[in-house]
Structures are given as C-alpha cells and as structure tokens.
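The values are calculated or read from the model by the stated rules, or taken from the named source; none is laboratory data. For clarity, every value in this text was computed on a predicted model and none was experimentally measured. Cβ sites come from the backbone with ideal geometry, for glycine too, and all protein chains shown count toward neighbours. Heavy atoms of the whole protein, side chains included, go into the accessibility calculation; ligands, DNA and RNA do not. Shrake-Rupley method; radii C 1.70, N 1.55, O 1.52, S 1.80 Å.
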Amino acid sequence: MTSKNRVLSGMRPTGRLHLGHLFGALDNWRRLQEAYECFFFVADWHALTTEYADTKGIRDNIREMVLDMLAAGIDPSKATLFLQSRLHEHAELYLLLSMITPVPWLERNPTYKEQQQELTTKDLSTHGFLGYPVLMASDILIYKANHVPVGIDQVPHLELAREIARRFNTLYGEVLVEPQPLLTEFAKVPGTDGRKMSKSYGNAIYLSDSPEQVTAKIKPMVTDPARVRRRDPGNPDVCPVFDLHKIFTPKVERDTAIDPGCRTAGIGCLDCKGMLLEHMLPALRPIYEKRQELATRSEVVQEVLEDGWARAKKVAGETLSEVKAAMRI
Ligand code: TRP
Ligand code: SF4
C-alpha cells in the first residue's frame, strides 16, 4: 500500500532544541501533520556516524529532544513519532540496499567530503560514515515516503535515495517509491552573537529556556556593530536583533516603529530589544510551559515512542516483506 501523501523526516538527537530547530523544522512539521500522514523520528543511529566514540549523552539527548518536539506541537495522535534504533527493519533494509549501492556514489557525495575535512577532531574514515546516506535512504524508502522536508544541505542525500530506489526497482521490480525533497523557505535565525544559531557556538536560545533566561540572553545580544552610541543611527538590515523581529514582530510595527526608529536613532537598541521581547516571550511561553509540564511526567517520552514504534513497525515491516519477496531472499 502506498499513500501519495506520506511525509517522513528525522533529526539527530543533538540534545535540547533551539529556535533554529523550531523555525527551521519543527514549525513546518507541525503544519505538515495536519495535512499529511507524517512519520517523524529521532535518528539515533545517525548520531553514531559521527559521535560513535562518545555515546554517554545520547539517551538524555533523545529524551530532551522528544520533549521539545512535543512541546513545539508535534502531536502523537496526528503524527507517528518514533526512535530509529527501535525499528530493526531500517537496519535490514540498509543492509540489503548496501548490496546494490556503488561505493563511488557515496564517495562523490559533497557532504561526505566536506564533513571529513571539517570535523578533523574525529576519525570519520569509517564504513558507517561513508554509508550514512544508504541508512538515510532506508529510513525514507521503508515508509514509501513521497515527501521529505529537509534543509538544503540534505538534498544530495535525497538524490541518492532516489537513485538507490530506481536501481532497486530496475533490478527487482517496482517496489520502492522515489521521495521528493520538500524545501521550505526558512527565516534566518541568528544566535545571540549574530552568527547562525548553534549549540556549539554557545549562542542559542532553547525551547526549554524560561522567559527570564530568554530575556537575559536577548539583553546583551549583538546589534549593528556600527551603532556604537545611542545617538548613532543604525541599520536594521545588518542587525541580528532585527532578524528576530522579522520572526516575532508584526510587519506593521517593524515598518512603522522599529525600522525607522533605528535608522533615525529615534529608539535605542535596548528599547528595540524590549519591543522584541514583548512579542517573543508570549510566543515562546506556551512552548516553555508545555515542556515544563511534560517533563514532570516521567513516562511520557517512553509512551510516545512505544506507540510510535508500533505504528511505524506496521508500515516498515510491510515494505521490508515486499523488498525481500522481490529480491527472493
Ligand atoms: N541526515 C539527517 C540530518 O542529519 C537526519 C536524517 C536521518 C533524516 N534520516 C533521515 C532526515 C531521513 C530526513 C529523512 O539532519
Ligand atoms: Fe538593531 Fe534595533 Fe539596535 Fe537597530 S535599534 S541596531 S535594529 S537592535
């Protein structure tokens, strides 16, 4: 059985999620779950491809991440939310697909080369790291997902998943469905230092941050560096605070108060940040409060993942049977 409206996406368990994840993925997932049959999962095996030498944080990271997903509105009664490593079917399909995937397809993957050069503190000359896109392909193909919401960096991996699906179908008959990337335009989410928001830069605002913590992070946030004194006019186009206004503050207020106020030095940066917080705190408070509430119920993550596992297993098991029958294995 295939559904034309099936969506699948995964996220590595990096720990607590921040506003970059919220506006880069979760908000989109939350909308998709209303219109599509959605499968969302925590890609813990994928975390191993780069973090295999240090796994002590992984269980906590999974828990924190699921709590954040739920708090951000991923609804287990609408979407199937599961943990990758509970679905052995992914691993079996991964093995079978690895038999038909030419190594040069993996070696020419741009992300593979880039990451090997960038993550120099880790030994990434492993089989698992090279085979990562085959694992990702099996995550997708085992649900016959039509749409995969991902960032632009993941598009080469999706292209590879399509190539693997085609090769499989040519060899054994039409079983697998070619997935399409679902690219969404995301607002730029700067961290408090103006660089891209990232845990490793220490510039992130987390979904689990209290309103007080958010306020304490926004107050010293980097602004237009050329605006040194209160009477200097500023340029919102180069200011990371203004990028946050674009996310949280209504356009009318930006156009009539913030933008001209900044350019004429009519408002100071602290005023500007105060105006931002007036919109930001009410928007984030419900997520924070829901997360606080969820975190007191120790069994909730376990229950959600258990239920998601059972639902995912049905679909994954069915595809795997078809794949094995087609391969006569
Ligand atoms: N590779 C993705 C990332 O690092 C995570 C991921 C694993 C994924 N399997 C997937 C995303 C399948 C979409 C579909 O962000
Ligand atoms: Fe940035 Fe606002 Fe200061 Fe202008 S007034 S530089 S937009 S923080």
>> Can you tally the net charge around residue 226? Count Lys and Arg as +1, Asp and Glu as -1, for every other residue whose Cβ sits under 15 Å from the Cβ of residue 226.
In response: +2
>> Apply the a/c threshold of 1.5 to the C-alpha gyration tensor of region 1-98 and tell me whether it is rounded, prolate or oblate.
In response: oblate
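With the cut-off at 1.5 for a/c, could you classify region 190-293 from its C-alpha gyration tensor as rounded, prolate or oblate?
prolate
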>> Filter 144/217; 122/246; 199/246; 290/314; 122/196 down to the pairs with a C-alpha to C-alpha distance above 32 Å, please.
In response: 144/217; 122/246
> Taking 0.36 nm per intervening residue step and subtracting the Cα-Cα distance, what contour gain separates residue 187 from residue 289 on full extension?
Replying inline: 34.3 nm
> By DSSP, what percent of the beta bridges with both residues in the chain are antiparallel, rounded to the nearest 5?
Replying inline: 10 percent
> Quick one: which of 146-157, 65-76 comes out on top by average Cβ neighbours within 10 Å, and what's the full order, highest first?
Replying inline: 65-76, 146-157
>> If I compute solvent accessible area with a 1.4 Å probe over the protein chains, what percent of it on region 181-329 is carbon and sulfur?
In response: 56 percent
>> Tell me the mean residue ellipticity at 222 nm calculated for the chain from its helices only (DSSP H runs of n ≥ 4, each -39500 (n - 2.57), averaged over every residue, nearest 500).
In response: -16000 deg cm²/dmol
